[in-house]
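Here the structure is laid out as C-alpha cells; the discussion comes afterwards.
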Amino acid sequence: MTAFTTENESGIAIITFDLEGEPVNKLTAAVRDEFTALLARLRADTSVRAIIFQSGKPDNFIAGADIEEFTQLTTQAELESMSRAGQEMLFAVADSPKPIVAAIHGACLGGGLELALACQYRICTDHPKTSLGLPEVQLGLIPGAGGCQRLPKLIGASPALDIILAGKSVPGVKAYKLGIVDECVPPSILSRTATAAAERLVAKGAPQRPARPLGFKGALLDRNPLGRRLIYRTARAAVLKKTGGHYPAPLAALEAVEAGLERGGREGYAVEHRKFGELAVGEVSRRLVQLFFATNALKKDDGVPPGTATAHPVRRLGVIGSGFMGSGIAGTAVSTAEVEVRMRDTEWPRIGKGLRASMSILEGQLLRKKITRYQLERLSALLSGTTDYSGFDRIDLVIEAVFEDLAVKRAVLREVEGATSPETIFATNTSTIPISQIAEPAMRPEKVIGMHFFSPVEKMPLLEIIPTARTSAETIVTAVHFGRKLGKTVIVVRDFPGFWVNRILTPYLNEAGRLFAEGTPIEVIDRVMTRFGFPVGPIALIDEVGLDVASKAGKVMHEAFGERLLPSDVIAKMLADGRTGRKSGKGFYHYLDGHKTGADERVYDLLGIRPQDTHSPETIEQRLVYSMLNEAAMAAMEGVIRTPRDGDIGAIFGIGFPPFRGGPLRMIDDVGATKVVTILRELATQFGDRFAPAPRLVEKAERNERFYPR
Ligand code: NAD
C-alpha cells in the first residue's frame, strides 16, 4: 500500500497523504510504518531542506486513527503499545532536523492533530470544512500520541483542557486565535504560504512563538504551578459534575496533562500511553465505540432493503401549522438543509409568530458564530408564509404540524393532496395518532408517511420515520434522506401507538408519577436517574415536555395498551392547578426567567402528599429503569424497531438513555435476560402487575438468548 507520494520542489519535499480506497485519511499501523520509513529517507536525502505535509483528500486532512483496526486489538498491552508507537512516530517528526510544515485543510482530528502538533509549523485554512480537534474522549479514550502533552505546552493548560476534556473541535480561525496553528489562510493560498513558511524556517529556524493570547487571568493561572493546580481542580470538578463519574476518559486525560506539565515530558508520555491502554479495554470505551459503529451503520441504512428505491431530491418544503413544532422544523430546514420553506397557517398573526420563531433559530446560530450575518440574510430569504396553499404546487415534501386531532389532520391531508402535485410527499409530525389512520382517506396513500420530530426540533438529534403498510419505498427513502439533511439521526419504526421512543418512555414517566404520589421527593427521583446517567431526571423531563403534552400522550398510550400503561393521576391534578411545566414557569419545579430554581414545595400540599424517603435509591432506580427495559423488550419483539441497534440509538438520542450503558436492549443483554426477568417478577410481586415480564422476554431468558450476537 502506498499512502504517501513525495515531490521535491527545489529542496522542499512535499508529502501528500492520500489513503487509497478511502474517502478520508486515517492512521493505521501500515500508514505509520510507511510514514516512519519515508521520514527516515527524507532525513537522509541531502537534497531535501524542509518538508511540507499535506492531504490529497478534497476536504479532509486526517480524520484520526482507524477505529476499525484499533478494535482488533484486545489486550491492554497491545493497546498500550499502539499508543506508544504513535508517540514514537511523532517523536521522529518533532525531532526532525529538517523543519516540517503541516498544511491543513479539512478535518484535522485526533491523531491527525497530534501529527500536526508535532510538526515545527502549522498553517490551516479558514474554510468552514476545516476543523481541528481531539475527539478521543467521545470514544471513551484519550489522545494517545502525544496530544495530552503537546497541546497544553503549546496553548496553555486551561484552553487545552477545554478541548481535550470535552472532545471538542474548533474551526480554523479559532484554532489560530488559540495559538494551535501559526497561520490561517484562504484555501487558495495554502500551498504558497506553506512553501514560504518552509523557506523561512530553513533560513531562520523555528519561530519564536509570541506570548499566547491568554489574557491577564489566563496568564496568571497558567504560568505558575499554584495557578495550574487550581485549573486542574476546577476542571476535575467540572468533569465530575458533567459525567457523574460515569466516564473515566476525561479524568485520565487530565492526569496525563498534569503529569506532563508538572512532572516532565517523560512522565507525561508514560501516563498517556498507560491510561490509553487501560481505557481502551474498559467497558465504557467498548460501549462508546460500539455506538460509533452503530450510528455510522445507521447512516447508510435507508430503512428499506438496499437497491429497492432511490430518494427524490427535496428542494422545496411545505410546513402546515406554524406553531411550536412547525416553526422549529421550518427554521431547522432552512438552516441545515438550505431548502426553500413555505409555511401555511390559518391566520396571518400566527404565521408572523411562526416566521419569527424560525428566524430565532438562525439568529441563535449567528450568535454562536455558526453562520455569518450574510448567511443569515441569505437563509432567511428562503422562508415564506401563506394562509392559503399558494405556491404549494411546486413543493416536494409537506410536513404537517397542526393540532393533534385526527379530523383536523385528515382535513389537512385532503387539502394538501388537492393543492400539490402527484409527486408530493405528505408527512405528519403526529406524536400519538397512528399514521395509517391519518392516511385512511388519502388519494395517494403511497405518499403518506410519519416524520416524528422531537422538541425543540433544532436541538434534538433524533427523528422517527414511520411508514404505513401502504407507503412506497421511494417515499421512505426520500424522507430518510431529507431527515439526514436536517442533521438528524433517523430510525425507521413501525406504525404502533407511541412508535418507539414514546412507547418506552411512557411506563418510565408513569412510574415517576407513582413514586411521587407515594411521597418520594421530586429531587430524590430525579437525582437517582441522573446518577444512573440520564441528562435529566423523569420529573424534570415531564416539566420540559409540558404536562399537557405528557398527559395527552399518556391517555393515548393507556387506551392502546391497557392497564400496564395506566398513568398516575398526579399530572391531571397538577394541570388543574395550571401547572404545565417550564413553558408556564410552573410545574414540579420553580422557574425564574425560564431557569429551574428548585422543586416547588407547594405541589406536595396541592396533591396532599407528605414527602418522605420510603424507597431506597436502588428500588427507585429499578422501578424506573426496569419499567423501560420491559417495555423496550416487548416493543422490540413486536417489531416496532427494525433492529436492536435502531432501538438503542433511538433511546440514547431520543431520551438521553446513558450512552455508556449502550441502550436498553444492550443493557438487557449485559444484565442477562434471566436476571432481568427475575427482577421484574420481584417488582411485580411488590408493586403490581404492570411489572410482569413480557412473555417473550421470559422465553428469551429460558432459551438463554440475547438481542445482539455475542
Ligand atoms: P401548536 O399548537 O404550537 O401549533 C399548531 C399550529 O397549527 C397552530 O399555529 C395552528 O394555528 C395551526 N393549525 C391548526 N389547524 C390548522 C390548519 N388546518 N391549517 C394550518 N394550520 C393549522 O402545536 P405543536 O406543539 O407545534 O404540535 C404540532 C404537532 O406536532 C402535533 O401533532 C403534536 O402532537 C406534534 N408534536 C408535538 C411535540 C411537542 O413537544 N410539542 C413533539 C412532537 C410532535
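The values are calculated or read from the model by the stated rules, or taken from the named source; none is laboratory data. All of these numbers come straight from a predicted model, not from anything done at the bench. Cβ placement follows ideal geometry from the backbone for every residue including glycine, while neighbour counts extend to all protein chains displayed. Accessible surface is based on the protein model in full, side chains and every heavy atom, while ligands, DNA and RNA are left aside. Shrake-Rupley method; radii C 1.70, N 1.55, O 1.52, S 1.80 Å.
Could you work out Rg/(2.2 N^0.38 Å) for region 241-391, with Rg from alpha carbons only?
Working: Rg = 24.0 Å, N = 151, 2.2 N^0.38 = 14.8 Å.
Cα-based Rg divided by the globular estimate yields 1.62.
Using only the alpha-carbon atoms of the chain as identical scatterers, what base-10 log of I(q)/I(0) does the Debye formula give at q = 0.07, 0.09, 0.10 Å⁻¹?
So the normalised log intensities are -0.56, -0.92, -1.11.
I need the phi-derived Karplus couplings for region 677-682: 6.51 cos²θ - 1.76 cosθ + 1.60, θ = phi - 60°, integer Hz, Gly and Pro marked x.
4, 4, 5, 4, 5, 4
Output needed: percent of Cα pairs per 5 Å distance bin for region 506-607, bins running from 0 to the one holding the longest distance.
2, 14, 25, 27, 20, 10, 2, 0
Could you give log10 I(q)/I(0) at q = 0.17 Å⁻¹ for region 87-220, computed by the Debye formula over C-alpha point scatterers of equal weight, without solvent?
For region 87-220 at q = 0.17 Å⁻¹, log10 I(q)/I(0) is -0.90.
From the phi angles alone, apply the Karplus equation (6.51, -1.76, 1.60; θ = phi - 60°) to region 29-45 and give each ³J(HN,Hα) in whole Hz, x where the residue is Gly or Pro.
My calculation for region 29-45 gives 4, 5, 4, 4, 5, 5, 5, 4, 5, 4, 4, 5, 5, 5, 5, 7, 6 Hz in order.
Nearest 10 degrees is fine. How inclined is helix 644-655 to the longest principal axis of the chain, computing both from alpha carbons?
90
Net charge near PHE588, counting Lys/Arg +1 and Asp/Glu -1 over other residues with Cβ under 11 Å of its Cβ? Could you put the intermediate results ahead of the total?
On the way: positive: ARG579, ARG582, LYS586, LYS596, ARG602; negative: GLU523, ASP526, ASP543, GLU544, ASP600, GLU601.
Summing Lys/Arg as +1 and Asp/Glu as -1 gives -1.
For the peptides 368-379, 693-704, 434-445, what is the packing order when you average, over each peptide's residues, the other Cβ atoms within 10 Å and list the highest mean first?
434-445, 693-704, 368-379
So who's got an amide H within less than 5 Å of the one on ILE425, skipping anything under 5 residues away but keeping other chains? H placed 1.01 Å off N, in plane.
Correct list: LEU397, VAL398.
For region 112-164, how big is the tail of P(r) above 15 Å, as a whole percent of Cα pairs?
49
Counting only heavy atoms of the protein chains, get the accessible area per residue of region 250-336 (1.4 Å probe) and round it to a whole Å² value.
Numbers: 3570 Å² over 87 residues.
I get 41 Å² per residue for region 250-336.
Round to the nearest 10 and give me the degree value, 0 to 90, for the angle of helix 522-532's Cα axis relative to the longest principal axis of the chain.
40
Quick one: which residues, 5+ away or cross-chain, put their amide H under 5 Å from the amide H of GLU340? H built at 1.01 Å from N.
LEU317
Could you give the accessible area per residue of region 82-163, probe 1.4 Å, as a whole number in Å²?
24
Please report how far the C-alpha centroid of region 42-116 lies from that of region 469-501, rounded to the nearest whole angstrom.
For region 42-116 versus region 469-501, the Cα centre distance is 40 Å.
Rounded to the nearest 500, what is the chain's calculated 222 nm mean residue ellipticity when only DSSP H runs of at least 4 contribute -39500 (n - 2.57) each, over all residues?
-16000 deg cm²/dmol
Suppose we keep just the DSSP beta bridges with both residues in region 1-102; what percent of those would be antiparallel, to 5? Don't skip to the end; give the middle numbers.
Working: 6 of 17 bridges.
That works out to approximately 35 percent antiparallel.
Compare the peptides 584-597, 626-639 by average per-residue count of other Cβ atoms within 10 angstrom and give them in order, highest first.
Packing proxy ranking, top to bottom: 626-639, 584-597.
Quick check on packing: order 46-52, 661-667, 177-183 by the mean number of other C-beta atoms within 10 Å, highest mean leading.
661-667, 177-183, 46-52
Please say if region 9-62 is rounded, prolate or oblate, where rounded means a/c under 1.5 for a ≥ b ≥ c the square roots of the C-alpha gyration tensor eigenvalues, and otherwise the choice is prolate for a/b larger than b/c and oblate otherwise?
It comes out oblate by the Cα gyration axes.
Run a plain Debye calculation on region 190-329 (Cα atoms as equal point scatterers, no solvent) and give log10 I(q)/I(0) at q = 0.17, 0.19, 0.20 Å⁻¹, rounded to two decimals, same order as the q list.
Taking Cα atoms of region 190-329 as identical point scatterers yields -1.05, -1.15, -1.20.
Taking H as built 1.01 Å from N, whose amide H comes closer than 5 Å to the amide H of GLY385, not counting residues under 5 places away?
MET343
Taking region 558-710, how much of its Cα-Cα pair set, in percent, is spaced more than 27 angstrom apart?
Distances greater than 27 Å cover 37 percent of the Cα pairs.
For Cα pairs less than 8 Å apart in space and 6+ apart in sequence, what is the mean separation divided by the residue count of the chain, i.e. the relative contact order in percent?
Rounded, it is 8 percent for the chain.
Calculate how large, on average over all directions, the projected area of the Cα convex hull of region 1-126 is; give the answer in nm² to one decimal.
Orientation-averaged projected area of the Cα hull: 7.6 nm².
Which percentage, to the nearest 5, of the DSSP beta bridges contained in the chain is antiparallel?
Roughly 30 percent of the DSSP beta bridges within the chain come out antiparallel.
Regarding region 247-288, what are the three Cα extents along the principal axes, ordered largest first, in Å?
Sorted largest first, the three principal extents are 33, 14, 8 Å.
Across region 111-119, in residue order, what do the Karplus-derived ³J(HN,Hα) couplings come to in whole Hz, using 6.51 cos²θ - 1.76 cosθ + 1.60 with θ = phi - 60° and x for Gly and Pro?
Ordered by residue, 3J(HN,Hα) equals x, x, 6, 4, 5, 4, 5, 6, 5 Hz.
Give the relative contact order (percent, whole number) for region 7-102; include only Cα pairs under 8 Å separated by 6+ residues.
For region 7-102, the relative contact order is 37 percent.
Got a number for carbon plus sulfur as a percent of the chain's accessible area, 1.4 Å probe?
54
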